[in-house]
Amino acid sequence: MAGYLDKYGAGVDRRNRIIGRIVSTVLIVIVVSSLGWYFFKNHHQEAVVKTFLSAVRQGDLRGAYRIWGCTSQTPCSAYEFDKFSADWGPGPDQPDPALLGLTDSESCSQAVLLTVQVNKARTEKLWVAKGDDTISFAPYPICPHKNPFAIMLHRTLGRLRKPLLK
């Protein structure tokens, strides 16, 4: 005859496996989505600079100047086209099409700080505003007001992002 407590704990192993699978799945989803967010959070600003670099590489300095954010509606009085073409066009310090590209991307509070390799001797830091995608030279060598943990995270995980910048 079956006793009152004979089936006590019979479904505990099955329930524990189900709970373990749910917890593991939730943790994996959190880790994968966090890494995805970190790797692609600057994607839009990187695409703007890649478009700018493509125009420079093709020699379309007027188009590159428009991408920079200088148009007839919003002229750049502090960065005239003559100065722009001296910086990004043919000349003694001209961009090397083989090397011209992004090497680093760092998210700041209002903008993204992008490092661009122009030629063997020249590296520029560009500042892309998050609101209107205007490009300018970076006012800071690193993002201001960053905590040490964010700097460490950028220096370690930022190396994993380099293939995505190409």
Of the residues that make up region 7-24, is at least one modelled with pLDDT under 90 and surrounded by 12 or more Cβ atoms within 10 Å (Cβ to Cβ)? no
If only one of VAL116, VAL112, VAL128 is in contact (Cβ under 8 Å) with a residue 12 or more places away in the chain, among the β-branched types (Val, Ile, Thr) and over 18 Å from ALA55 (Cβ atoms), which one is it? VAL112
Taking interchain pairs and intrachain pairs at least six residues apart, which have beta carbon atoms under 9 angstrom, with the first residue in region 90-102 and touching a residue at least 60 places away in the same chain (Cβ under 8 Å) and the second outside any strand (DSSP E or B) and open to solvent by less than 30 Å² (accessible area, probe 1.4 Å)? GLY101/LEU53; GLY101/LEU165; LEU102/GLU46; LEU102/VAL49; LEU102/LEU53; LEU102/LEU165
Among the residues of region 1-11, are any part of a helix (DSSP H, G or I) and farther than 17 Å from GLN117 by Cα? no
Which pairs do you get when a residue that is within 30 Å of VAL128 (Cβ to Cβ), found in region 19-48, comes within reach of a residue that is surrounded by 10 or more Cβ atoms within 10 Å (Cβ to Cβ) and polar (S, T, N, Q), reach meaning Cβ atoms under 8 angstrom, with the pair 6+ apart or on two chains? LYS41/SER107; ASN42/SER105; ASN42/SER107; GLN45/SER105; GLU46/SER105
Residue check for ALA64: assigned to a helix (DSSP H, G or I), farther than 28 Å from LEU160 by Cα and either under 18 Å from the mean Cα position of the chain (by Cα) or hydrophobic (A, V, I, L, M, F, W, C) (or both): yes
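The values are calculated or read from the model by the stated rules, or taken from the named source; none is laboratory data. From a predicted model like this one, the values you see are computed outputs, not experimental measurements. Counting neighbours? That spans all protein chains shown, and the Cβs are built from the backbone with ideal geometry, glycine included. These accessible areas exclude ligands, DNA and RNA; they are computed on the full protein's heavy atoms, side chains included. Shrake-Rupley method; radii C 1.70, N 1.55, O 1.52, S 1.80 Å.
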